[in-house]
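Read the structure below first, then the notes.
The values are calculated or read from the model by the stated rules, or taken from the named source; none is laboratory data. Source: prediction; values computed, not measured. Here the Cβ positions follow ideal geometry from the backbone for every residue, glycine too, while neighbour counts run over all protein chains shown.
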Amino acid sequence: MGQRAPRQSGEGASRRASADALLGAVLVLALGASVRPALAQEEAGSLGGLSVTSEAPRRMPDSEPAPFPDTIYESIQPVHDSATEFIAVPDRWRMFYAGKYYDPYNQNALKADIPAFGKPGEEWFTEVSVISDTLFEARRIPVPVGQASTKRPNSNNVFGDGDQNFFAENVIASFSLIKGDTAFKPPDFELRIAPIFQVNRLYAQEDGLLKADPAFGDTRTAQAFGFQELFADIHLANLSERYDFVSTRLGIQQFNADFRGFLFNDNEPGVRVFGNYDNNRTQFNAAAFFLLDKDTNTGINTTFDYRHQDVFVANMYRQDMIAPGHTMLFSVVNRRDNAGDAGYTYDRNGFLVRPAPIGDERFKNLNSTYFGVGGDGHIGRVNTTTQYYYVMGSESHNPIANRQVDISAQMFAQELSYDLDYVRFRASFFWASGDSDPYDSRGTGFDSIFDNPNFAGGDLGFFQREAIPFVGGGGVNLVNRNSLLPDLKAGKELGQANFVNPGIRVYNVGVDFDLLPELKLVTNTSFLQFDQVAVLQDLRQDGSITRDIGVDLSAGFVYRPFLNNNVIIRTGVAVLLPGSGQENLFGSQTLYDTFTNLILQY
Amino acid sequence: MAHKKLTMISATALMTALLGCGGGSGSAGETSGGDPAANFNCDGSCANQSLSVEEVTTILQQGVAAAKGMGTAATFAITDRTGNVLALYQMSGAPQTTTINGQTGASGGLEGIAVPSTLAAISKAGTGAYLSSQGNAFSSRTAGQIIQQNYLPGQNDQPGGPLFGVQFSQLICSDITRANGPVGPRPLPLGLSADPGGFPLYKQGDVVGGVSAEFDGLYTIDPNLQDYQESPEEVVAMTASLGFEAPAQRTGNSISLAGRSLRYSDTTYNEIVAPAELEPLDPAGFKSQPSYTNGQIRAGTTFGTAPSGIVATEKAGIPAAVLVGRFPTIGGRPLPGGAQLSASDVNALLDSALTTAYRARAAIRQPLDTSARVSIFVVDESGNPLGFIRSQDAPVFGVDVSLQKARTAAFMSSASAGTLLAAGVSPNYAASFAAFTGVSLDGSHAFANRSVGNVSRPFFPDGINGTANGPFSLPFPGTAAGPSWSVFNTGLQLDLVFGSLVGPILQPGTVPSSCTSAVFGGRLRNGIQIFPGAVPLYRGGVLIGAIGVSGDGVDQDDMVAFYGASRRGLDYVGYTTVGDPYLGFNAPLEIRADQIVPQRNSRLRYVNCPEAPFSGSNEQGVCTEG
């Protein structure tokens, strides 16, 4: 397709955008919150389905090859007075073979390739997608034996058998109704509904892990239905001849506050005004989200329990800053969490989640404002992604500090990569500041809103993929699923942010190999350290906990047998070789996970 | 090797004691305990202090001024660290009685009984003194937090408090806490108190006693940990303690028990206003209380010296303490085949357990990585004490509790437990137990105290609200007719000692010769305890006694008992030929209570040893045989 303006190709861009959104949504649910960052990332860089950023040939460590040829906006070509060079075509949609309703490869009214109804100039399009996402995962995480009861006799020590396996099947459908001449002009109106259903089954070896009641048993089957998308998108105005525009989107929608999902990458109800300017060199968002609680065991949005948490975002992307092909992001994000006023909240398994079962367990509200600067693209042949956040605000009562704390924390991430033939070399660094004095009035441990990062190995890495319960230190997780932050909160799905935490430093290198057009191998090595250990030492009453978490080794394949996204098979394996700090916290055994993921899409 | 290493460690500890104690920058007063910001840095080896009569007077005067300022009249008690009542003072017009209320709506037991305010005050002050040490400062509010049906109280489906049941210890009927003995530790008339308003007193970083205020007419517990209660009794008692308050770095708020911090007070010292002027005390305000005080104000004893009743010693190269002239190491009552514990077995067990505690990271003490400090009793299979040792600076409450625990484990594991329970206490808890578990209390199983605790909670499994009570407990109010559960009506534990606890309240001056009825002999002489920290001891499958431990976190207590009696523990201190080559003195695996799976698919526990328990080591899983 060569160089094209965003959303030029009606079917192409539209289909892809929705496919990506769907895939992103699928991934969000896999295993209670898993977002396939690679996929979400594309949406991340998009505005209302427009691909606006970072179409550079950069591939995420765990992503499949980009499904369509990439486009680099080195610059936008000047406008030629060339309209007359075109020959008018009466009905360009039917120029090609129109297939049956079940054939997505040719022009299909169900895929918004051709109008479904409406008179010329006011065509309406429909788009239907169905995705099946199947996941099997086996893992070993540190778990405690049951406190009130154990599964086996002779369970005399705190740590039990942490081998678990997990199976999840997601079905997501997406229905869109789109009005407009979608070839060049942004659609006038879109209505999209993406219901999702998940059923999963988790087998665990110890009592008290699956439900608060230790008598529950060793296998938990859970199911949930929710909406990953449920919105109306209304075109407000065009700002230029090149279809710089302003639109608004109302309802449950995917949103990523930065390039890599470090801060807020979720599907939540909200109001968003977005658009572009200056020949698409500038994109902007202004949004308010009113978060939903997630279903405990699937990570799917509930229908519809308010999380008592609101997020306000204003950001701007600017292309070709610093270097052509490098986009920068400036953002301010405010989060207000008033769940402390709502009393005790338990998850579906009977575990307390608000307030978190840690410290003095008092109710809290919090207000935090993030100031972010990010960059993504390439400088010469070096691909780069950068993100920095400073967060300030306050927690009305941090349970670890036993007092009100003022938030002042930082996060920094940098990835550089270089392509050589079919090999990509990557190096990345991630830092989330920790809190060196848990009892003072400052919270200097960085925490996010709802992160789903695609970084330093993404969901291939053990530490990032798995939730690790903070055994012996309270009923919280040291780190949550699909997160790098050791933020000691009671789950991403329902817990509240906590800015008194140890923080982390991640040093990562990786190599990706495009072995075949259909097959990609991704490898990663990460060295992980806590940034500050005082919080862990105090919670565990153990002054000898050291910084070193360990070495996280992972490898994964992405196989697309038909060179498209209709069938994707992903597999991965990761091990965490414990360092001295991890040994002290959880013992010397090697932790691991392995997963296989089959995605089928219509 | 091990001995030598430990000696070196203790020498280091001694150096620390000499160099590291006292008031840091010297900003703290020389004679008064000093300001809460002062970090005395005491780790358990600071020199012991005591309260003078003048200091006791000052504390009382401050309390009286605070009560007057509040427009009320209070009853005050001050004790020293081993429970000697230094002053019992009642302002004119103070309520004479206080009514017991466990806040669950329960009936029966001690619920609803009006007791003299003086007795409540003594229990509250003694609680502050008994639960605290140089490493931790706990108040009666802290006690209330850790003994309720859920931990934290107010939360659903959380197992009960770690010290569930500790309120029924330090009883006047105990052979440890004696009203008429020449020295302490002394009994607390209502056991340990959960009623806010009892605090420890400190001087130079050392616990010198406790103080309390009682005037609201309610002897109760705080079931709601989310509010800041603004307890007037706390405000008055804290005002009384000014100059002798606990170092801020030692209060419960600074201590994480399995990641949850403890409550010290709902009021902070920043909110306490020192009285402008102190008035002379009214001589008529000093009250006598038979068995506790003759009405004279007196100076406190210095902990660790003979008058306190607990004196310093050294054992296995570790700074330790014993009860003055009591509980020498002896062998057990003869058993068929000579299976009984010999004096040297007991000595080995005490060495091993004390060493285990010394190696262990404390769960409830600051600074981090100081060793656990506990009290350790070994008893024979009939509950006779065979030996006692305690770590330097272990909290005093553990002396009585460790013996309660040891006796409980020995008793429940014995062949006669079911028969004696059926004969000696009503209702028939033994029958309830058999019906509930399908197991008779006939010696077929080894019950650790954790196992006993599992079936002594108002919910089974522990903490799962709405389930039926364990067979040694009473139903939670609202779930069944008849007597119901509260911290003042716990079931078997209270019913065993009810007469001996209430009798002396109704007839002041009487001192029962045992806490339990004659049916039990001396087996449960000071009552049972229903939280973890004891295991029964065996030789060749024959029950020969039990070891009980109290003073640190319950997982640490469990470990000191179990690991101390285990092959690994005995080997560590060089007793490689003592005990079974595989089990040490621990029970055979196949008879431990964790083989029992009662109703609801919920197995009983035996012990639960902590994560990375030993200082300077990442060793995990230490309570595994072999």
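Picking from B:VAL622, B:VAL542, B:VAL573, B:VAL578, which residue would you name as being at pLDDT 95 or above and within 14 Å of another protein chain (Cβ to nearest Cβ)?
Details: B:VAL542 fails: within 14 Å of another protein chain (Cβ to nearest Cβ); B:VAL573 fails: within 14 Å of another protein chain (Cβ to nearest Cβ); B:VAL578 fails: within 14 Å of another protein chain (Cβ to nearest Cβ).
Just a single option satisfies the conditions, and that option is B:VAL622.
Just the residues that are away from chain A (no Cβ under 14 Å), outside any helix (DSSP H, G or I) and in contact with a helix residue (DSSP H, G or I) (Cβ under 8 Å, 6 or more places away or on another chain), please, taken from the range B:133-166. Quick ask: steps written out before the conclusion?
Pass one, the range B:133-166, residues away from chain A (no Cβ under 14 Å): B:133-134, B:137-140, B:143-144, B:147, B:163, B:165-166.
After this cut, where a residue has to be outside any helix (DSSP H, G or I) as well, the list is B:133-134, B:137-139, B:147, B:163, B:165-166.
If the condition is that a residue be away from chain A (no Cβ under 14 Å), outside any helix (DSSP H, G or I) and in contact with a helix residue (DSSP H, G or I) (Cβ under 8 Å, 6 or more places away or on another chain), then B:GLN134, B:ALA137, B:PHE138, B:SER139, B:LEU163, B:GLY165, B:VAL166 are the ones that fit.
What is the one condition in (1) in contact with a Gly (Cβ under 6 Å, 6 or more places away or on another chain); (2) under 30 Å from B:PRO610 (Cα atoms) that B:SER254 does not satisfy?
Going through the list (1) in contact with a Gly (Cβ under 6 Å, 6 or more places away or on another chain); (2) under 30 Å from B:PRO610 (Cα atoms), B:SER254 breaks only (1).
From the list B:SER169, B:SER174, B:SER212, which residue is assigned to a loop (DSSP other than H, G, I, E, B), out of contact with any Pro (no Cβ under 7 Å at 6 or more places or on another chain) and of a type in the set (S, T, N, Q)?
On the way: B:SER174 fails: out of contact with any Pro (no Cβ under 7 Å at 6 or more places or on another chain); B:SER212 fails: assigned to a loop (DSSP other than H, G, I, E, B).
Sole residue among the options that is assigned to a loop (DSSP other than H, G, I, E, B), out of contact with any Pro (no Cβ under 7 Å at 6 or more places or on another chain) and of a type in the set (S, T, N, Q): B:SER169.
For the range A:174-230, which residues satisfy the criterion of being on the phi > 0 side of the Ramachandran plot and surrounded by fewer than 18 Cβ atoms within 10 Å (Cβ to Cβ)?
First, the residues of the range A:174-230 that are on the phi > 0 side of the Ramachandran plot: A:180, A:208, A:217.
Of everything in the range A:174-230, just one residue is on the phi > 0 side of the Ramachandran plot and surrounded by fewer than 18 Cβ atoms within 10 Å (Cβ to Cβ), namely A:GLY217.
Hey, could you check the range B:567-604 for residues that are under 25 Å from B:THR356 (Cα atoms) and of a type in the set (Ser, Thr, Tyr) and say which is surrounded by the fewest Cβ atoms within 10 Å (Cβ to Cβ)?
Among those residues, the one meeting the criterion is B:THR577.
Could you list, ordered by first residue, the pairs with Cβ atoms under 6 Å in which the first is in the range A:188-217 and under 15 Å from A:THR150 (Cβ atoms) and within 14 Å of chain B (Cβ to nearest Cβ) and the second is of a type in the set (Ser, Thr, Tyr) and part of a loop (DSSP other than H, G, I, E, B), at least 6 apart or interchain?
Filtered contacts from the range A:188-217: A:ASP207/A:SER149; A:ASP207/A:THR150; A:PRO214/A:SER149; A:PRO214/B:SER602; A:ALA215/B:SER602.
Quick one: in the range A:387-409, of everything that is surrounded by fewer than 19 Cβ atoms within 10 Å (Cβ to Cβ) and under 22 Å from the mean Cα position of the chain (by Cα), which residue is farthest from the other protein chains (Cβ to nearest Cβ)?
A:TYR388
Determine the pairs where a residue that is more than 7 Å from chain B (Cβ to nearest Cβ) and surrounded by 21 or more Cβ atoms within 10 Å (Cβ to Cβ), located within the range A:155-169, has a partner that is in a strand (DSSP E or B) and of a type in the set (Val, Ile, Thr) with Cβ atoms under 8 Å apart, the partner being 6 or more residues away or on another chain.
A:ALA168/A:THR134; A:ALA168/A:VAL199
Can you spot a residue in the range B:317-328 that is within 14 Å of chain A (Cβ to nearest Cβ), touching a helix residue (DSSP H, G or I) at 6+ places or on another chain (Cβ under 7 Å) and either in a strand (DSSP E or B) or surrounded by fewer than 19 Cβ atoms within 10 Å (Cβ to Cβ) (or both)? Explain how you work it out, then say what you get.
So the first thing to find is which residues in the range B:317-328 are within 14 Å of chain A (Cβ to nearest Cβ), and the list is none.
Checked against the condition, which is being within 14 Å of chain A (Cβ to nearest Cβ), touching a helix residue (DSSP H, G or I) at 6+ places or on another chain (Cβ under 7 Å) and either in a strand (DSSP E or B) or surrounded by fewer than 19 Cβ atoms within 10 Å (Cβ to Cβ) (or both), the range B:317-328 yields no hits at all.
For the structure I just gave you, tell me whether A:ASP341 is over 26 Å from A:ASP538 (Cα atoms) and surrounded by fewer than 17 Cβ atoms within 10 Å (Cβ to Cβ). Before you say what the answer is, go through the steps one by one.
Working: over 26 Å from A:ASP538 (Cα atoms): yes; surrounded by fewer than 17 Cβ atoms within 10 Å (Cβ to Cβ): yes.
For A:ASP341, the condition - over 26 Å from A:ASP538 (Cα atoms) and surrounded by fewer than 17 Cβ atoms within 10 Å (Cβ to Cβ) - is met.
Report, ordered by the first and then the second residue, all pairs with beta carbons closer than 8 Å, sequence separation of six or more or different chains, a first member in the range A:530-549 that is touching a residue at least 24 places away in the same chain (Cβ under 8 Å) and within 9 Å of chain B (Cβ to nearest Cβ), and a second member that is polar (S, T, N, Q) and crowded, with 24+ Cβ neighbours inside 10 Å.
What qualifies is A:ASP538/B:SER256; A:LEU539/B:SER256; A:ARG540/B:SER256; A:ASP542/A:ASN584; A:SER544/A:ASN584; A:ILE545/A:ASN584.
Cβ contacts < 8 Å: first residue within 18 Å of B:LYS124 (Cβ to Cβ), restricted to the range B:218-234; second residue modelled with pLDDT under 90 and not charged (D, E, K, R), any location; separation 6+ or different chain. Result?
B:ASP222/B:GLN229
Would you confirm, using the coordinates I've provided, whether A:VAL511 is touching a residue at least 40 places away in the same chain (Cβ under 8 Å), touching a Gly at 6+ places or on another chain (Cβ under 7 Å) and β-branched (Val, Ile, Thr)? Walk me through how you get there before you give the answer.
Numbers: touching a residue at least 40 places away in the same chain (Cβ under 8 Å): yes; touching a Gly at 6+ places or on another chain (Cβ under 7 Å): no; β-branched (Val, Ile, Thr): yes.
Against the criterion (touching a residue at least 40 places away in the same chain (Cβ under 8 Å), touching a Gly at 6+ places or on another chain (Cβ under 7 Å) and β-branched (Val, Ile, Thr)), A:VAL511 does not qualify.
Does B:GLN96 fit the bill of being over 30 Å from B:VAL322 (Cα atoms) and within 23 Å of the chain's Cα centre (by Cα)? Explain how you work it out, then say what you get.
Working: over 30 Å from B:VAL322 (Cα atoms): yes; within 23 Å of the chain's Cα centre (by Cα): no.
Against the criterion (over 30 Å from B:VAL322 (Cα atoms) and within 23 Å of the chain's Cα centre (by Cα)), B:GLN96 does not qualify.
Against the conditions (1) part of a loop (DSSP other than H, G, I, E, B); (2) of a type outside the set (D, E, K, R); (3) in contact (Cβ under 8 Å) with a residue 12 or more places away in the chain; (4) out of contact with any helix residue (DSSP H, G or I) (no Cβ under 7 Å at 6 or more places or on another chain), where does B:ILE544 fall short? Just the number, please.
Evaluating B:ILE544 over (1) part of a loop (DSSP other than H, G, I, E, B); (2) of a type outside the set (D, E, K, R); (3) in contact (Cβ under 8 Å) with a residue 12 or more places away in the chain; (4) out of contact with any helix residue (DSSP H, G or I) (no Cβ under 7 Å at 6 or more places or on another chain) leaves (1) as the failure.
Could you check the range B:241-266 and list, in sequence order, the residues that are more than 10 Å from chain A (Cβ to nearest Cβ), crowded, with 24+ Cβ neighbours inside 10 Å and small (Gly, Ala, Ser)?
Correct list: B:SER241, B:ALA246, B:SER265.
Pick out the one residue from A:LEU585, A:LEU553 that is touching a strand residue (DSSP E or B) at 6+ places or on another chain (Cβ under 9 Å) and either at the interface with chain B (Cβ under 9 Å from one of its Cβ atoms) or more than 23 Å from A:VAL511 (Cα to Cα) (or both). Full working, then the answer.
Details: A:LEU553 fails: either at the interface with chain B (Cβ under 9 Å from one of its Cβ atoms) or more than 23 Å from A:VAL511 (Cα to Cα) (or both).
Exactly one of A:LEU585, A:LEU553 is touching a strand residue (DSSP E or B) at 6+ places or on another chain (Cβ under 9 Å) and either at the interface with chain B (Cβ under 9 Å from one of its Cβ atoms) or more than 23 Å from A:VAL511 (Cα to Cα) (or both), namely A:LEU585.
Checking B:GLY564 against (1) within 13 Å of chain A (Cβ to nearest Cβ); (2) in a helix (DSSP H, G or I); (3) touching a helix residue (DSSP H, G or I) at 6+ places or on another chain (Cβ under 6 Å); (4) not aromatic (Phe, Trp, Tyr), which single condition isn't satisfied?
(1)
Step by step: first the residues of the range A:429-439, then only those that are surrounded by fewer than 22 Cβ atoms within 10 Å (Cβ to Cβ) and touching a Phe, Trp or Tyr at 6+ places or on another chain (Cβ under 8 Å), then the one that is nearest to A:ASP376 (Cα to Cα). Which residue is that? Outline the logic, then answer.
Initially, the range A:429-439 is screened for residues surrounded by fewer than 22 Cβ atoms within 10 Å (Cβ to Cβ), giving A:429, A:431, A:436-437, A:439.
Still in the running and touching a Phe, Trp or Tyr at 6+ places or on another chain (Cβ under 8 Å): A:429, A:431.
Values: A:PHE429: 15, A:TRP431: 18 Å.
Ranking the qualifying residues of the range A:429-439, first place goes to A:PHE429.
Within the range B:605-616, is even one residue crowded, with 24+ Cβ neighbours inside 10 Å, among the acidic types (Asp, Glu), facing another protein chain (nearest Cβ under 7 Å) and part of a helix (DSSP H, G or I)?
Looking for residues that are crowded, with 24+ Cβ neighbours inside 10 Å, among the acidic types (Asp, Glu), facing another protein chain (nearest Cβ under 7 Å) and part of a helix (DSSP H, G or I), one finds none in the range B:605-616, hence no.
State whether one or more residues within the range B:334-343 are in the same structural domain as B:ASN608 (by TED's automatic domain parsing), buried (at least 24 other Cβ atoms within 10 Å of the Cβ) and not basic (Lys, Arg). Walk me through how you get there before you give the answer.
Residues of the range B:334-343 that are in the same structural domain as B:ASN608 (by TED's automatic domain parsing), as a first pass: B:334-343.
Applying the additional criterion that residues be buried (at least 24 other Cβ atoms within 10 Å of the Cβ) yields B:341.
Still in the running and not basic (Lys, Arg): B:341.
Yes, the range B:334-343 contains a residue that is in the same structural domain as B:ASN608 (by TED's automatic domain parsing), buried (at least 24 other Cβ atoms within 10 Å of the Cβ) and not basic (Lys, Arg).
Under the condition of being farther than 22 Å from A:LYS294 by Cβ and among the hydrophobic types (A, V, I, L, M, F, W, C), which residue from the range A:210-233 is modelled with the highest pLDDT?
The extreme case among them is A:ALA232.
Report, by residue number, each residue of the range A:310-333 that is among the small types (Gly, Ala, Ser) and crowded, with 19+ Cβ neighbours inside 10 Å. Quick ask: steps written out before the conclusion?
We begin by selecting, within the range A:310-333, every residue among the small types (Gly, Ala, Ser); these are A:314, A:323, A:325, A:331.
The answer is A:GLY325, A:SER331.
For the structure I just gave you, tell me whether A:ASP341 is farther than 25 Å from A:ASN238 by Cα, within 14 Å of chain B (Cβ to nearest Cβ) and among the acidic types (Asp, Glu).
yes
Take the residues of the range B:364-398 that are in contact with a Leu (Cβ under 6 Å, 6 or more places away or on another chain) and assigned to a loop (DSSP other than H, G, I, E, B): which is surrounded by the fewest Cβ atoms within 10 Å (Cβ to Cβ)?
B:GLU381
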